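The next block holds one structure in the form of structure tokens; read it before the comments.
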Amino acid sequence: MSDGNSHFSRRSVLKKSTGALAVVGVSGLASADPDDFVEVNVGFAGDSGHQAAHNAADSVEREFAFDAMTIRIPARAAKALENRPDVRYVEVNGEWEAFSQTTPWGIDRVDADVAHANGETGAGADIAIIDTGIDSDHPDLQANLGEGKAFVKCRGNPRMCRQPWDDDNDHGTHCAGIADALNNDEGVVGVSTEVTLHAAKVLDKNGSGSYSDIAAAIEWTADQGYDVGSMSLGGSASSTVRDACQYATDRGVLLVAAAGNDGPCTDCVGYPAGYDTVVAVSATSEDDSLANFSSTGAEVELAAPGEDVYSSIPGGYDTFSGTSMACPHVAGAGGQLMANGYTNDEARQRLRDTAEDIGLGDNEQGAGLLDVAVALGLDSSDD
Amino acid sequence: MPLDSSLDVTTDRDVQFTFIVTNSGADPVDLSFSDALEADFAVLDDGSERWRFSEGRMFAQMLGSETLDPGGTATYEATWDDPDSGSYTAVATLEANETECEARAEFSV
């Protein structure tokens, strides 16, 4: 399905969905795409094999009284299980569906898929999406949604505004899906997959918000004890927003923001990304070039995929571009690290130390392109 | 670019601005935006700025686009919540890339 270079337009996804049922033989694992989910019967030997199968499983369908279980698992992980000495066999469970979850190119490029295959979900961490809200009813997000708070009103029909913090724009739901869409059999998958998402609705249905509301949402993120604040927004400098960022950083929040879309330009990073308490994220294209719209400057700390990014919107999926899309890639990675016990400062340093040099200027890529797998100490040899 | 525009101002307890951009040409016009600020509004008092919509606000950093067919329109709105009484000039500016489009209107509070 995903070969590392392709991303999927809506059309190709729809086409794939209509032909999703595939029947395969005994060699089914070999013919499955590494990102496809498969249902397999695993025979194990001893507790370590049992535990390994459990850890690798997306869901457990059946546990037998004898040493075997039926699980749903990405094909990549099934192959890894098959190679373990404490696993006796991995067999495809009869007919299986090639489920139709798409791995967006950005998820593949930052090797978040490698993290998923190794059981890294970000479970236990909390990310505030400080944005236009999050669709409270999206099947690819709902299970990850925690509390939300509306600093501006959701303006739409009751079907759209079920919660005060529901998304009346699309932008916040798109960013939420990039950071943390579920790893399931539909739609997309996020950088993290089981972080708890909290919608701080500060941008109105036209996508703008006041300094005061944004500062209040940053304060709320800190007071709630959340780990990460993801800010796909920007503008001119604001003393109140700067103070709020300091307040949150002092209380352990990792703040991430979009560098801005004023490119091509130099020394033009917007705010809050420009504050030293905030990780400023520039945007790349699928060929690792700097996206032409991306702002650049000394404040840029990391680069992440930002052009033609496919993710969730209320009621479906769509492809958007912007440093707004780059920002939640880093936020999801921050959530993964903080779920593993990193503090905000440690996570920030770790993301810098493990970023991949893609040959852009320092003002364009900062420390480099986000590498989720290496940040988590995993081998990302598929690059 | 063959764009016509108009600016309506409605004064109540607040001041509401409605900026309508019309494609007056024979071909479709593509508008592209760098972020969620698609039109800005300013209030001038004898040439000095009293209020600006974008002042004190931040914007979603996502590209936007819109195609206006011949005769097609796009409408942008903003509200000045706490106006002081006086006579003013309102200026609306389309913030699309590589496009100049502006409309003015006089009003009093």
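The values are calculated or read from the model by the stated rules, or taken from the named source; none is laboratory data. Because the structure is a prediction, the values reported are computed rather than measured. Quick reminder, even Gly has a Cβ in these numbers, built from the backbone with ideal geometry, and neighbours come from all protein chains shown.
Summary table below
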read-out: Selection count where residues are of a type in the set (S, T, N, Q), under 29 Å from the mean Cα position of the chain (by Cα) and not in a helix (DSSP H, G or I), scope the range A:38-82; value: 2
read-out: Members of the range A:315-354 found to be surrounded by fewer than 23 Cβ atoms within 10 Å (Cβ to Cβ) and over 26 Å from B:SER65 (Cα atoms), listed by number; value: A:ALA339, A:ASN340, A:GLY341, A:TYR342, A:THR343, A:ASP345, A:GLU346, A:GLN349, A:ARG350, A:ARG352, A:ASP353, A:THR354
read-out: Matching residues in the range A:125-136 - criterion: being out of contact with any Asp or Glu (no Cβ under 8 Å at 6 or more places or on another chain) and more than 14 Å from chain B (Cβ to nearest Cβ); value: A:ALA128
read-out: Output for the range A:270-292, where each listed residue is β-branched (Val, Ile, Thr) and surrounded by 22 or more Cβ atoms within 10 Å (Cβ to Cβ); value: A:VAL278, A:VAL279, A:VAL281, A:THR284
read-out: Test for A:GLY252: is it more than 9 Å from chain B (Cβ to nearest Cβ), of a type outside the set (Val, Ile, Thr) and under 21 Å from A:PHE151 (Cβ atoms); value: no
read-out: Any chance B:SER54 is away from chain A (no Cβ under 14 Å), surrounded by 13 or more Cβ atoms within 10 Å (Cβ to Cβ) and under 17 Å from the mean Cα position of the chain (by Cα); value: no
read-out: Tabulated pairs, the range B:80-109, first touching a residue at least 40 places away in the same chain (Cβ under 8 Å) and farther than 18 Å from B:ASP8 by Cβ, second of a type in the set (Asp, Glu) and surrounded by 15 or more Cβ atoms within 10 Å (Cβ to Cβ), C-beta under 6 angstrom, 6+ apart or interchain; value: B:GLU95/B:GLU38; B:GLU95/B:ASP40
read-out: Within the range B:25-45, tally of residues that are away from chain A (no Cβ under 14 Å) and either surrounded by 14 or more Cβ atoms within 10 Å (Cβ to Cβ) or in contact with a helix residue (DSSP H, G or I) (Cβ under 7 Å, 6 or more places away or on another chain) (or both); value: 6
read-out: Residue list for the range A:337-383, restricted to those being touching a residue at least 60 places away in the same chain (Cβ under 8 Å), of a type in the set (S, T, N, Q) and touching an Asp or Glu at 6+ places or on another chain (Cβ under 6 Å); value: A:SER380
read-out: Only one of A:ALA143, A:ALA128, A:ALA150 that is touching a Phe, Trp or Tyr at 6+ places or on another chain (Cβ under 6 Å) and surrounded by fewer than 21 Cβ atoms within 10 Å (Cβ to Cβ); value: A:ALA150
read-out: Test: residue in the range A:308-324 that is part of a helix (DSSP H, G or I) and either modelled with pLDDT of 95 or more or not assigned by TED's automatic domain parsing to the domain that holds A:GLY190 (or both); value: yes
read-out: Lone qualifier among A:ALA298, A:ALA303 - being of a type outside the set (Val, Ile, Thr) and part of a strand (DSSP E or B); value: A:ALA303
read-out: From A:SER236, A:SER232, residue being free of Cβ contacts under 8 Å to residues at least 40 places away in the same chain and within 11 Å of chain B (Cβ to nearest Cβ); value: A:SER236
read-out: Any pair with Cβ under 6 angstrom, 6 or more apart, that starts in the range A:307-328 at a residue that is within 9 Å of chain B (Cβ to nearest Cβ) and ends at one that is acidic (Asp, Glu); value: A:SER321/A:GLU307; A:SER321/A:ASP308
read-out: Residue in the range A:88-103 that is within 25 Å of A:ALA45 (Cα to Cα) and among the small types (Gly, Ala, Ser) present; value: yes
read-out: Test: residue in the range A:324-342 that is under 18 Å from A:GLY260 (Cβ atoms) and hydroxyl-bearing (Ser, Thr, Tyr); value: yes
read-out: The listed residue being in contact with a Pro (Cβ under 6 Å, 6 or more places away or on another chain) and either among the β-branched types (Val, Ile, Thr) or more than 30 Å from A:ARG76 (Cα to Cα) (or both), out of A:THR196, A:THR173; value: A:THR173
read-out: A:SER282 vs. criteria on the phi < 0 side of the Ramachandran plot and not in a strand (DSSP E or B); value: no
